[in-house]
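Engineer: Submitted below is the structure of interest, expressed as structure tokens.
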Amino acid sequence: MNKILTIKNTIKPFKKTISIEGDKSISIRWALIASQSEGKSTALNLLRSEDVMSTIECLRRLGVKVYLSKKICKIQGVGLNGFNFKKNCVLNAGNSGTLARLILGLLIHTKKKIKIIGDKSLSKRDFNRVIEPLEKFGAKFNSNSGKLPITIMGTNNPKPINFYEKKGSAQIKSSIMLAALNTKNTTTIRAKKSRNHTELFFKYLKIPFKIKKMKKFDIIKINGGSKIIKLDYRIPSDISSSAFFIVLTVLSKNSELKIKNVNMNSSRIGIIKILKLMGINLKFSNLRTYNGEKVSDIFVKSQNKIKSINCPESLNSASIDEFLLIFLLAARANGISYFKNLSELNEKESPRLKWGSKLLNLMGVKNTLTKNNIKIFGNPDLKIDKKIVIKDFLKDHRVFMTSVIAALSLGGEWKISDKDSINTSFPSFLSKLREIGLKS
């Protein structure tokens, strides 16, 4: 298989309606929580990406029965602390930080050691951020200076904890919440605002917990020990995946696009708010709420004028996976755009903030990068007429997909390596692009 994608022409004007695969964050959380239930849970529109399939394989290694067909996934729950696995069990999280960090929360009560490993990219990422709180529950860890591989040994008597989550990381918060299920009393988390899919699952399942919402933080209290009922779910489409097509449409000529059944969770739509601040007109229809998650169809058209932005830091967490695309819009904006305190971007599959700056440099877009901030000098007339090669990005799927969108909308001759990287989160990315006009 040729792993290099070559794009020589911009996409032709299009008017299309598409559907996007299931939300990755919700798919992984559904599988992990369903494994702890007392019955058989069923999911429709489960994302079939490598990250989700790694989750399924890890659960199978822990003795969970998973039935997977083309349209549905069924998981026979084993109940809290019901995992049944062989000695010297090794779980391969692949590229998924969500899986690796969240599953550690479910393992604090295990009787035998378990090793967590991952790919080259995941093995460079920080796990002290979850090791620290999980040790407070009583679990023991051996790690490679806070990185994978990690060995966890559970405790017979997990103790509830109080923890201050300062990073705005939904992975840290969710790992603690899942660990708290194994305790007998109340765990309290003071958590900086971040995506709240886990909280919505807890509410839907009537797990005893409370949230007090403050301006910058949420106070979350979880009472452990309750049985979890089965979790039947129709997973909405992923806003992060949809964002690539939204931005492509905005930057292309004379084009229109409708995307159906998109997850519009308030903790995930930072990009929607940022697009509005940049003067981009989006229309929403068929708005509804499904088991706590807001869902909508999104309509977007090409846009000639894009405003520069001094991006509010309060939107960072809710748009953390979309900033490479936002930088692309800023490159075509009228004026200078400012983005601050984006250290979490460099905790992703690649040092993504640095890669954002590198992509802009390769396109000839002036930008200034400091440790956690970037300033982008927009050019409304930006067109690319040179050869660009994208490689050595640790197979970061979002670097690959953003490069494709840049090539199709701004021109130039691009050679983009590691096209199999899309299997991490969005296996149908290229086939969806072919639906609207990609010739490759």
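The values are calculated or read from the model by the stated rules, or taken from the named source; none is laboratory data. Since the model is a prediction, treat every value here as computed from it, not as a measurement. Here Cβ is always computed from backbone atoms with ideal geometry, including for glycine, and neighbour counts include all displayed protein chains. Just so you know, the surface numbers come from the protein's heavy atoms only, side chains and all, with ligands and any DNA or RNA stripped out. Shrake-Rupley method; radii C 1.70, N 1.55, O 1.52, S 1.80 Å.
Engineer: Compute the length gained on full extension between Lys65 and Leu430: take 0.36 nm times their separation in residues and subtract their Cα-Cα distance, giving the result in nm to one decimal.
Structural biologist: Full-extension gain reported as 128.2 nm.
Engineer: Would you calculate the separation in nanometres between label points at Asp381 and Ile72, each defined as 7 Å from the Cα along the Cα-to-beta-carbon direction?
Structural biologist: Distance between the two pseudo-spin positions: 5.9 nm.
Engineer: I'd like the distance separating the alpha-carbon centroids of region 176-223 and region 302-344, in whole Å.
Structural biologist: Region 176-223 and region 302-344 have Cα centres spaced 30 Å from each other.
Engineer: Turning to a different aspect of this structure: In a GNM of the chain with a 10 Å cut-off on Cα contacts, which of Leu178, Leu359, Leu68 has the highest mean-square fluctuation?
Structural biologist: The residue with the greatest mean-square fluctuation here is Leu68.
Engineer: Same structure again: Given the peptides 180-192, 207-219, 273-285, 327-339, arrange them by the average over their residues of other C-beta atoms within 10 Å, most packed first.
Structural biologist: Per-residue mean Cβ counts within 10 Å order the peptides as 327-339, 180-192, 273-285, 207-219.
Engineer: How much length is gained if the chain between Lys87 and Lys439 is pulled fully straight, taking 0.36 nm per residue apart and subtracting their Cα-Cα distance, in nm to one decimal?
Structural biologist: 121.7 nm
Engineer: Return the long-range amide H neighbours of Ile336 (sequence gap of 5 or more, or a different chain), with a cut-off of under 5 Å between placed amide H atoms.
Structural biologist: Gly378
Engineer: Report the FRET efficiency, 1/(1 + (r/R0)^6), for Asn185 and Glu132, where r is their Cβ-Cβ distance and R0 is 25 Å, rounded to 0.05.
Structural biologist: 0.80
Engineer: Classify region 2-124: rounded, prolate or oblate, from the alpha-carbon gyration tensor (a ≥ b ≥ c, eigenvalue square roots; a/c under 1.5 rounded; otherwise prolate if a/b is larger than b/c)?
Structural biologist: Oblate.
Engineer: Expressed as a rounded percentage, what relative contact order does region 212-356 have, with Cα pairs under 8 Å and six or more residues apart?
Structural biologist: 21 percent
Engineer: Counting only DSSP beta bridges with both residues in the chain, what percent are antiparallel, rounded to the nearest 5?
Structural biologist: Restricted to the chain, the bridges split so that about 70 percent are antiparallel.
Engineer: I would also like to ask the following. Note down the relative contact order for the chain as a percent, whole number, built from C-alpha pairs under 8 angstrom at least six residues apart.
Structural biologist: Contact order relative to length: 18 percent.
Engineer: Could you rank Glu293, Glu132 by how accessible they are, 1.4 Å probe, largest area first?
Structural biologist: Largest accessible area first, the residues go Glu132, Glu293.
Engineer: Same structure again: How much accessible surface area, in Å² rounded to 10, belongs to the heavy atoms of Thr10 with a 1.4 Å probe?
Structural biologist: Rounded to the nearest 10, that gives 70 Å².
Engineer: Provide, for q = 0.06 Å⁻¹, the log10 of I(q)/I(0) from a solvent-free Debye sum over equal Cα point scatterers in the chain.
Structural biologist: The Debye formula, applied to the Cα set alone, gives -0.24.
Engineer: Could you check how much of the accessible area of region 70-125 is carbon and sulfur, as a whole percent, using a 1.4 Å probe?
Structural biologist: Result for region 70-125: 49 percent of the exposed heavy-atom area is carbon or sulfur.
Engineer: Also: Please calculate how many Å² of accessible area the chain carries per residue, with a 1.4 Å probe and no DNA, RNA or ligand atoms counted.
Structural biologist: Computed with neighbouring chains in place, this is 42 Å² per residue.
Engineer: What distance in nm separates the two pseudo spin-label positions at Lys258 and Ile229, each 7 Å out from Cα along the beta-carbon direction?
Structural biologist: With each label point 7 Å from Cα toward Cβ, the separation is 3.5 nm.
Engineer: As a quick test, which of the pairs Lys87/Lys115; Lys16/Lys70; Lys136/Lys159; Lys87/Lys120 have an alpha carbon distance above 18 angstrom in this structure?
Structural biologist: Lys16/Lys70; Lys87/Lys120
Engineer: If you build a Gaussian network model of the chain, linking Cα atoms that sit under 10 Å apart, which residue out of Ser241, Ser54, Ser226 swings the most?
Structural biologist: Looking only at Ser241, Ser54, Ser226, the biggest GNM fluctuation is shown by Ser226.
Engineer: While we're here: As a check on your grasp of the helix formula, calculate [θ] at 222 nm for the chain: sum -39500 (n - 2.57) over DSSP H runs of n ≥ 4, divide by the residue count, round to the nearest 500.
Structural biologist: Taking each H run of at least 4 residues, the total per residue is -8500 deg cm²/dmol.
Engineer: Report, in listed order, any pair from Lys383/Lys439; Lys124/Lys354; Lys86/Lys203; Lys74/Lys193; Lys147/Lys348 with a Cα-Cα distance greater than 22 Å.
Structural biologist: Cα-Cα > 22 Å for Lys86/Lys203; Lys74/Lys193; rest within.
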